[in-house]
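Input: a single structure, listed below in structure tokens.
The values are calculated or read from the model by the stated rules, or taken from the named source; none is laboratory data. What you are looking at is a predicted structure, and each value in this text was computed from that prediction instead of being measured. Here the Cβ positions follow ideal geometry from the backbone for every residue, glycine too, while neighbour counts run over all protein chains shown. Heads up: the accessible areas ignore ligands, DNA and RNA and are worked out on the full protein's heavy atoms, side chains in. Shrake-Rupley method; radii C 1.70, N 1.55, O 1.52, S 1.80 Å.
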Amino acid sequence: MTDSKKELLSYLENVSLFLVGVMLLAFPLVFTTIVTDPFILPKQIVIAAVSVLSIVVLSIRMIVEGRIRLRTTPFDLPVLLFGLIVFLSAMFSANRYDALIAFVPLFFVILLFFILTNVVRGQKAILFSVSSLLLGSTVAALLAVLSFFKIYVLPLTYSHIPAFTPFGSVLDQAIFLAVLIPMAGYIAWPLISPLFGDVKQAEVFGTTHRANLAPLTIGATVACAVMIIGLAVSLYELMTTQKPLILPFVTGFQTGVAAISQDTGRILQGFLFGSGFGTYTNDFTRFKQAIYNTNANLWSFTFFRSSSFVLELLATTGFLGLLSYLFIVYRVFKEHSLFLPIILVLIAAFVLPMSYTLVALTFIVLAFFAVLRAQRTPSRYEDLEFYLVTLKHGLILAQPEGERAPHDPVNTRYGKILPFAFVVFILAIVGVVGFFSVKYVLSDIIFQRSLVAASQNKTKDWYDLQGQAIATFKYRDLYQRTFSQTNLTIANAVASNQPRNSSPSAEVQQQIVGLIQQSINYGRNAVTISPQTALNWNNLSQIYRSLIGFGQDAEQFAVLSNQQAVALDPSNPQQYVALGGIYYQLGVWDEAIRQFQLAANLKNDYANAFYNLGHAYESKGDEASLKNSLQAYQYVATLVAQDKPSNEKMKAEITALQQKISGGQSQVQTTPEQSASNLNVNQPASQLPGREPKTEIPAPPKTAATPTPTPTKEPTPTPTP
């Protein structure tokens, strides 16, 4: 090998290591409000960008060397297997686009694992990489500590709160720091070991040269101290002002088991691959038990993570996904080497939910564990060279670096074909994934700009930017759902601005009809993209409901869409109140009563369900119904006894109803205080004025991925209190 080639290879290695260092430094720190998720998405962007650039540099190095040289570790197969199964779970998911969008950031994390194990070689590279991560984490911890004491050093107004953290979550911050403190302690040990009575020469990552490590150990000691303080502050906040909302473990376990055993129509797929990586929200709404409604603090919350990362994997990636993750755990413990950071992060996965930040940290720490083990026992972490050989010998040959004997059947004439083919293959995969990732990020930035425009009442920019976001990346149901509501809002605004008792011009009518058609179409798109998301069906039902009297068959379509939402969220009493509200609006009293009663049965202390039930009975109007209405109102009064506005409202309505039953005139006077009550008859969020002839509107889409509502989905009726 010529000197110039050696110099180029050395330069490429340094570039790769520099990129890794920049990523590890920025990862804990980066955040920005130019995207919709200011804390997670920027971290995903940093990892993806550095992974792509590192792959390009490594590819150039392979071509220059004319060979494929890769370091092997005991974790390669488990990590690859885990990534493959997660990808398959996404491909088999009913909400495929959601699952694939969630998989792509994990793909770059897995790619980063292999980049780290192949780039970080030797003691200096290890210390540089670890120091970069520790420096970024220390600065993040320092910012959080200063914010806790109301010392705001960042010139960003939204960061001027005591609970601010670059991680976006105090729980994430606590776990992150807890995992990295031991790593800082390893480096700081030569300095702090005398405090613990250890006077022996300490060792840091394979070296015992205390003098050379003095600046590093001092820095690590400071980092360790700052992170310990940051962890203490985080734990204090978690126990006081920032108590995390975590799904009860029993509920997480029940939904996980149900997701892989009760998914009608895809039992085998569900058991093997779950519902699809990143789609836990759908598992939660579909499979949570009705007893969840007895939790007074959590019943109205929808969780997008399970009680722990392992239980989330069970639900979303199935038995195979959980098994592949346990394979990684098994390989870690098989090393018989106590590396506390990896032990802590694996324990956290079994007992706590994990965000993308913590999942990425898991694979980063795993990569560090691998390179440290390679430093100590290089014989078990060999560099393999791959050669193109004859078909007779298997086409591709892998041998430890430098061990190829003269008689090996290597085809030297075509030796450089394999590196080129490998580089093209890897770059093709990374390029395709990267292309759609760039489109996703650009669309997210545009969508965030639309939200800012909406907050500033810039209607045209708000509307146009949302359309641009969808045109840039159309596979996100959030964009479609939001834009459907935007069109509906503007249509209502145009209609409400018309003078009373006057017919809008043909141009205005055409504008309203066009906006309505777009609202329905984008609502339908959201359902098509994510057919098992109850929120999309609720959105479509609300659109149709606002068109009752305006669009043909709008009432029928509203009911059908809401029934699909009920089928996807059968234990949620709010779904039945919404469906009952449609029947109430249509004057179908018996069906409205039935739905409100089902909501009341699911949660017997849900005041608004009984309030709506009472109004449905009262509207039905016969003597028996009025008595049932009074009984419901009286029960509501006991439920809201501690809520003064609601209690006063119920007293007035009970008095009016009693007069009505006795044959007197009744009229409820609503005071401003009563208007602040949480009790309300379910009504559409907006309502377009009726028109004749009614406008023809498209029906809800039919999708095989969405279960058809059946009576078995509903709770058994019980007597009204």
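Local charge for Ile543 was computed over the other residues whose Cβ lies under 11 Å away, with Lys and Arg +1 and Asp and Glu -1, and equals +3. With a threshold of 21 Å on the Cα-Cα distance, the over-threshold entries among Lys603/Lys660; Lys627/Lys660; Lys288/Lys644; Lys243/Lys288; Lys439/Lys474; Lys627/Lys649 are Lys603/Lys660; Lys288/Lys644; Lys243/Lys288. Computed over region 239-341, the quotient of the alpha carbon radius of gyration and 2.2 N^0.38 Å is 1.22. Sites listed here are trypsin sites (Lys or Arg not before Pro) in region 222-312 whose DSSP assignment is loop and whose Cβ has at most 16 other Cβ atoms within 10 Å: Arg266.
Three semi-axes describe the equivalent ellipsoid of the chain; taken as square roots of 5 times the Cα gyration tensor eigenvalues and ordered largest first, they are 57, 30, 24 Å.
Would you rank Met239, Met227 by solvent-accessible area, highest first, keeping every protein chain in place and using a 1.4 Å probe? Don't jump to the answer; show the numbers that get you there.
Values: Met239 135, Met227 0 Å².
Result of the area sort, largest leading: Met239, Met227.
Helix 123-148 sits at what angle to the longest principal axis of the chain, using alpha carbons and giving 0 to 90 degrees rounded to 10? Value to nearest ten degrees: 30. Taking Cα centre as origin and charging only the Cβ of basic (Lys, Arg, +1) and acidic (Asp, Glu, -1) residues, the dipole magnitude of the chain rounds to 1040 debye. Relative to the longest principal axis of the Cα atoms of the chain, the long axis of helix 623-639 lies at roughly 40 degrees.
Rounded, prolate or oblate: pick one for region 503-594, where a ≥ b ≥ c are the square roots of the eigenvalues of its C-alpha gyration tensor, a/c under 1.5 means rounded, and failing that, prolate if a/b is larger than b/c, else oblate.
Oblate, since a/c reaches 1.5 and b/c is not below a/b.
Treating r as the C-beta distance of Ile291 and Leu427 and R0 as 60 Å, the FRET efficiency rounds to 0.70.
Relative contact order for the chain using alpha-carbon pairs under 8 Å, separation at least 6, rounded to a whole percent?
Taking the mean separation of contacting Cα pairs over the length of the chain, I get 13 percent.
Suppose we look only past 19 Å in the calculated P(r) of region 559-622. What percent of the Cα-Cα pairs does that tail hold?
Working: 437 of 2016 pairs.
Roughly 22 percent, rounded to a whole number.
In order along region 326-335, the Karplus-derived 3J(HN,Hα) couplings, from 6.51 cos²θ - 1.76 cosθ + 1.60 at θ = phi - 60°, round to 5, 5, 4, 4, 4, 5, 5, 6, 5, 5 Hz, and Gly and Pro are given as x.
With a 1.4 Å probe rolled over the protein heavy atoms of all chains, the accessible area of Leu88, Leu143 falls in the order Leu88, Leu143, largest first.
May I ask for the angle, rounded to the nearest 10°, between helix 3-26 and the longest principal axis of the chain, with both axes built from Cα atoms and the value confined to 0 to 90°? It is inclined by approximately 30 degrees.
Taking θ as phi - 60° and the Karplus parameters 6.51, -1.76 and 1.60, the scalar couplings of region 581-590 work out to x, 5, 4, 4, 4, 7, x, 8, 5, 4 Hz in sequence order, x denoting glycine and proline. The fraction of Cα-Cα pairs per 5 angstrom bin, counted from 0 for region 10-96, comes to 3, 12, 13, 14, 20, 18, 12, 6, 2, 0 percent, rounded to whole percents. Amide H contacts of Gly551: Thr695, each under 5 Å away and 5 or more positions distant or on a separate chain (H built 1.01 Å from N in the peptide plane; Pro and chain starts excluded).
Extension gain, Arg67 to Asp37: 0.36 nm times the residue separation minus the Cα-Cα distance gives 6.7 nm. If a/c stays under 1.5 just call it rounded; otherwise compare a/b with b/c (prolate if a/b is bigger, oblate if not). Do that for region 35-185, with a ≥ b ≥ c from the square roots of the Cα gyration tensor eigenvalues. Verdict is oblate for region 35-185.
Determine the shape class of region 122-185: with a ≥ b ≥ c the square roots of the Cα gyration tensor eigenvalues, call it rounded for a/c under 1.5, and otherwise prolate if a/b is greater than b/c, oblate otherwise. Verdict is prolate for region 122-185.
Cα centroids of region 282-323 and region 57-76: 41 Å apart. When His160, His615 are compared by accessible surface with a 1.4 Å probe, the order from highest to lowest is His160, His615. Each stretch of four or more DSSP H residues adds -39500 (n - 2.57); spread over every residue of the chain, this sum gives -21500 deg cm²/dmol at 222 nm. Rounded to whole numbers, the Karplus 3J(HN,Hα) couplings from phi for region 256-262 are x, 5, 5, 4, 9, 10, 10 Hz, using 6.51 cos²θ - 1.76 cosθ + 1.60 with θ = phi - 60°, and x at Gly and Pro.
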